[in-house]
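As structure tokens, the structure follows; a few thoughts come after it.
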Amino acid sequence: MSLKVVLKGVKWKKAVLPYPFQPAVVPEDFRGKPELSYETCIGCGACAQACPPEAIKIHDDMDTGTRKWVIFYGRCIFCGRCEESCPVSAIKQTEEFELSSTKREDLEIVAMFKLYKDPLGDVCDYTVREYQHAITLLSSSSLGEEGLKDLKDRLSLSPRHKVKSTIDSIVEALKPGLKR
């Protein structure tokens with residue numbers, strides 16, 4: 001080591017940050033641990049689809065009618081895609097980055113959502129909150145009363161009942177021609 005380097009070190013007095021003994025100051029646009037606001041979240045799963053390392057997972061249980069939302073911070077790369085993809089801004093990047101733990105459970109956050117049940121009793125593959133959010137968006141559109149009612153009726157049916165409803169309406173439309 002040259003004498004110049006040693007003299008510069010003595011002049012600056014600090015060669016390293018005092019990090020473990022004092023909290024680190026993070027930059028303004030720092031992306032740390034993502035946190036979910038359960039009250040705001042609609043459980044749509046857009047964050048899980050956008051997550052490159054698959055740290056966020058969605059599991060639907062049609063028997064119990066629930067959706068389980070899980071984030072495992074051990075896989076998270078703090079990229080911020082979950083925050084960007086959330087349609088209701090329910091995920092925010094925090095400044096927290098110190099996530100070490102001796103137990104896996106400490107690095108996993110779970111949220112449960114109720115799946116929507118259509119008027120005929122079928123469990124749908126979207127949550128009650130998603131359905132309510134879609135109705136709110138539709139209500140603020142300029143569709144008119146009749147168009148809005150038709151969309152709400154279609155949205156309230158499960159995929160199986162939508163297919164049955166479509167087939168029934170096609171059969172009804174074809175009945176006059178079939179009577180010949």
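Before moving on, here are some points about what is shown:
- Looking across Glu35, Glu28, Glu95, Glu84, one residue alone is within 23 Å of Val128 (Cβ to Cβ) and either of a type in the set (D, E, K, R) or touching a Cys at 6+ places or on another chain (Cβ under 8 Å) (or both). It is Glu35.
- Qualifying residue in segment 77-93 (condition: under 14 Å from Leu36 (Cα atoms) and basic (Lys, Arg)): yes
- Checking the stated criteria, Ile42 turns out not to satisfy the condition of being modelled with pLDDT of 80 or more, within 15 Å of Gln93 (Cα to Cα) and of a type outside the set (S, T, N, Q).
- Residue identified as farther than 30 Å from Cys79 by Cβ and surrounded by 12 or more Cβ atoms within 10 Å (Cβ to Cβ) among Arg129, Arg154: Arg154
- Matching option when the condition is modelled with pLDDT of 70 or more and on the phi > 0 side of the Ramachandran plot, among Gly144, Gly74: Gly144
- Subset tally (residues that are part of a loop (DSSP other than H, G, I, E, B), polar (S, T, N, Q) and in contact (Cβ under 8 Å) with a residue 12 or more places away in the chain) for segment 64-118: 2
- Among the residues of segment 40-63, those that are assigned to a loop (DSSP other than H, G, I, E, B) and either surrounded by 16 or more Cβ atoms within 10 Å (Cβ to Cβ) or free of Cβ contacts under 8 Å to residues at least 12 places away in the same chain (or both) comprise Cys41, Ile42, Gly43, Cys44, Gly45, Cys51, Ala55, Asp63.
- Criterion: modelled with pLDDT of 75 or more and more than 30 Å from Glu28 (Cβ to Cβ) - qualifying residue of Ser139, Ser101: Ser139
- Enumeration of residues in segment 22-39 that are farther than 14 Å from Cys82 by Cα and polar (S, T, N, Q): Gln22
- Of everything listed in (1) out of contact with any strand residue (DSSP E or B) (no Cβ under 9 Å at 6 or more places or on another chain); (2) modelled with pLDDT of 85 or more; (3) of a type in the set (S, T, N, Q), the single unmet condition for Ser2 is (2).
- Residue-level check: of (1) under 12 Å from the mean Cα position of the chain (by Cα); (2) surrounded by 13 or more Cβ atoms within 10 Å (Cβ to Cβ); (3) over 16 Å from Leu115 (Cα atoms), Pro87 misses just (2).
The values are calculated or read from the model by the stated rules, or taken from the named source; none is laboratory data. If you're wondering where the values come from, they're calculated on a predicted model, not measured in any experiment. Counting neighbours? That spans all protein chains shown, and the Cβs are built from the backbone with ideal geometry, glycine included.
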